[in-house]
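In what follows, a structure is listed as structure tokens, so that the remarks can point back to it.
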Amino acid sequence: MIIDNIQNISLYPNLGEKIVKALRFLTEGNISQMETGRHEIDNSDVFAIVSTYKTKSQEESLWEAHRQYIDIQAMIEGSERIGHAPIDTLNITQPYDPAKDITALRGSGDMFILKPGMFAIFYPTDAHMPGVCADGNQQVKKIVIKVRAA
């Protein structure tokens, strides 16, 4: 997992062509003006999903992990806490669904706050719990760029 500010994206030129393409999208596009929904970057290898939603309590939130795609999450408006843990330290509650590229898990991990101007990269070995309220439930706008892992 990587957590950093978008202004530091130039520090990551060696993460692979698809990840670099996704990170460039965060700086070259006007993400604050993007409509909600799916946005193509490089067909099914790299694409963005912009969503708005209300954050919820940690008890209402779920751990998830993906195998086919790396998640690059960047906050556009608002802030949320996100949990992070190695998947092998959590218990599987729902087996991997290849159609949705998701495994649901249970357990505990570390939390951090994702604010506008920040990004986090979650690899297939990283479980994450997004959408947790940071300062009361609030409406957020976030972009998640999916990067094919293999």
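The separation of segment 100-114 from segment 1-51, counted between C-alpha centres, amounts to 21 Å.
At full extension, residue 150 and residue 135 could sit 1.7 nm farther apart than now, given 0.36 nm per residue minus the alpha carbon distance. Neighbour counts of other Cβ atoms within 10 Å put 129, 1 in the fewest-to-most order 1, 129.
Taking other C-beta atoms within 10 angstrom as a stand-in for reagent exposure, 54, 146, 18 fall in the order 54, 18, 146, fewest first. Enter the Cα centre distance for the pair segment 53-81 and segment 118-150, rounded to the nearest angstrom. Spelled out, the Cα-based centre of one part sits 4 Å from the other. With the cut-off at under 16 Å, measuring from each backbone N in segment 74-106 to a point 7 Å along the Cα-to-Cβ line of residue 52 picks out 75-79.
Seen through its C-alpha gyration tensor, with square-root eigenvalues sorted a ≥ b ≥ c, the chain comes out oblate because a/c lies at 1.5 or above while a/b is not bigger than b/c. Over the chain, DSSP H runs of length four or greater, each weighted -39,500 (n - 2.57), average out per residue to a 222 nm ellipticity of -2500 deg cm²/dmol.
Arranged from fewest to most other beta-carbon atoms within 10 Å of their beta carbon, 101, 71 become 101, 71. The calculated FRET efficiency for the pair residue 10 and residue 34, based on their C-beta separation and a Förster distance of 30 Å, comes to about 0.85.
Computed from the coordinates by the stated procedures, all read-outs in this text should not be read as laboratory data. What you see is a predicted model, and the numbers here were worked out from it, not measured in a lab. Virtual Cβ from ideal backbone geometry, glycine too; neighbours counted across all protein chains shown.
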